[in-house]
Amino acid sequence: MSGINAIMNIAAGALQADQIAMDVASHNIANVNTPGYTRQSAVFESGSPVSMNQLRIGTGVQIASVAQAFDPYTTRTIQQNTSSLNEYQTEASVLSQLESLFNETRDSSLSNAMSDFWNAWQGVANNPGGTVERTALLEKAKILTQKINSLSNDLTGTKKDMDNNLQMGIEKVNELTKQIADLNGQIVSAEAAQTPANDLRDQRNSLLEELSSWVGNVSVEQGNGSVTVFTQGGILLVDGNRNWKFSTQGDSIYYNNVPSDVSKSLTGGKIGGWLDIRDEIVPQYQANLDELAGTLIQQVNTLHTAGYTLSGGTGTYFFQDFLTSPAVPNATDFKGTAAFISLSSDVLGHPENIAAGGVSGAPGDNENALNIAAIQTDGSLSIRKWTISNRGGSTSSSVETTSMDDYYRTLVGEIGITTEAANENQSFVQSKLDDLRDLRDSVSGVNLDEEMTQLLKLQRAYEASSKIISIADEMLQSLLQSV
């Protein structure tokens, strides 16, 4: 009797194990299109043998665990590259917008406005006493200053957009770290009770990848199944079922309500890209645009104040004098000049006060107009070129000997080069990330053909186990009938 009972127990255990394995295969098939799902498999193991008449007799099969086809290295590398990709994508997107501001293919470009301005001075030189030419010069000068003002305002607006994006991004990071911490608690609790937490782990891995798209991070799994998450700069985000939050105030990002700016420690992801744009790229373009505007004011005003108006007057300014204006806080480096540049009250509405004449003061004297028009191609000008790095932590300049036109062409060219580099980096990382995801899917993804084959195999095993029970039942009936 004990032998027949053992047979039935073995067959019943096999039926139960096959049922669990079928549940797992069905779960895989049901989640074939679920993002972040990792293929699972039932791990069979033989039961502990028992001693019988000096023999060790097996007791059948059981499910030891439900394992995941999980590749931690590939998953970690995907998270790192997701961070880089989103950083480059963010920078490329904003740089493309900045590039469109300096679009030199349009008639309304700054280079065209500058060219029209210098040509208007040449027009005054051709007819120094002409009211039409003088009025046209003031109009072209007004268009030029408005164009420079507009570019400066657009750059300032881009910086404000980055602040708004960062506030939204910080809120998203706080939300994700809270969810990861909550899942940590659930996973630790489930696995402490010997319950597989594979689906919870998939959810957590998806959240970690999403977190990487916002800010670069490093996650380390602990022995109890929880993960500890740091930023790439070493700031603790998640530990067990606890998370620490960021907050924003002005241009500063605070950690755990400590009023100390940690923005320079946040790299990678969209947040890293927005910070690079806000604290490096835009300020550098703004500084060089200010330098262009300041040099224009300085060069034109220096000559204009020395020239003579139609009435013989001298000492008039063409552009508003930034050296005495409170609107420009630091005139030594022309900071804020692009937003400030405008026509002076000396000439605004007074074309007769344009100082086109030279020292002779004779009618038809165009010496000063020619000198000012020559500024356009004067290659001996000393103009500073600014470089800002380390999120504004390092600012340096070098004096370049160049012309106004060449300086601006270099500025526009650098914007194009920076944009192209960001696009190339984005394409490279995207290609690498696609390969990594293909590799992960080859290990962790659900293959319907394989799952169907597994189901057929389990079906045959289930049928065989059922047959064992049927045979054992017949044996038991025969024994009972023989008694």
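Read-outs: derived from the displayed coordinates by stated rules, not from any lab. For clarity, every value in this text was computed on a predicted model and none was experimentally measured. Reconstructed Cβ throughout: ideal geometry from the backbone, glycine too, with neighbour counts over all protein chains shown.
Take the alpha carbon gyration tensor of region 216-368, find the square roots of its eigenvalues, order them as a ≥ b ≥ c, and report rounded if a/c is under 1.5; if not, report prolate when a/b exceeds b/c, else oblate.
prolate
Could you let me know the centre-to-centre spacing of region 332-389 and region 40-119, using Cα atoms, in angstrom?
55 Å
Going by C-beta contacts inside 10 Å, put ILE372, ILE468, ILE57 in order with the fewest on the left. It would help to have the intermediate numbers written out before the result.
Working: ILE372 27, ILE468 17, ILE57 12.
Ordered by Cβ neighbours within 10 Å, fewest first: ILE57, ILE468, ILE372.
Quick one: order ILE253, ILE271 by neighbouring beta-carbon count within 10 Å, fewest to most. Don't skip to the answer; put the middle values down first.
On the way: ILE253 22, ILE271 30.
Neighbour counts put them in this order, fewest first: ILE253, ILE271.
Just in region 93-138: which chymotrypsin sites (Phe, Trp or Tyr not before Pro) are loop by DSSP and have at most 15 other Cβ atoms within 10 Å?
Working: sites: PHE102, PHE117, TRP118, TRP121; in loops: PHE102.
Of the chymotrypsin sites (Phe, Trp or Tyr not before Pro), not one in the loops of region 93-138 has a Cβ with at most 15 other Cβ atoms within 10 Å.
Could you work out the helix-only [θ] at 222 nm for the chain, with each DSSP H run of four or more residues adding -39,500 (n - 2.57) and the total divided by the number of residues, to the nearest 500 deg cm²/dmol? Each step should come with its number before you reach the end.
On the way: 11 runs with 275 residues, N = 483.
Roughly -20000 deg cm²/dmol at 222 nm, from the helical runs in the chain.
When only C-alpha pairs under 8 Å and at least 6 residues apart count, what is the relative contact order of the chain, in percent?
22 percent
Would you please classify the overall shape of the chain from the alpha carbon gyration tensor, given that a ≥ b ≥ c denote the square roots of the eigenvalues, rounded means a/c under 1.5, and beyond that prolate means a/b larger than b/c while oblate covers the rest?
prolate
Quick check for me: using +1 on Lys/Arg Cβ and -1 on Asp/Glu Cβ, what's the dipole size of region 20-155 about its Cα centre, in debye to the nearest 20?
I would put it at about 220 debye.
When the Cα centres of region 148-193 and region 274-300 are compared, how far apart do they sit, in Å?
Region 148-193 and region 274-300 have Cα centres separated by 29 Å.
Take LYS467 and SER397, extend 7 Å from each Cα along the Cα→Cβ direction, and tell me the distance between the two endpoints in nm.
9.1 nm
Once you charge only the Cβ atoms, +1 for Lys and Arg and -1 for Asp and Glu, what is the size of the charge dipole of the chain about its Cα centre, to the nearest 20 debye?
The calculation lands at about 940 debye.
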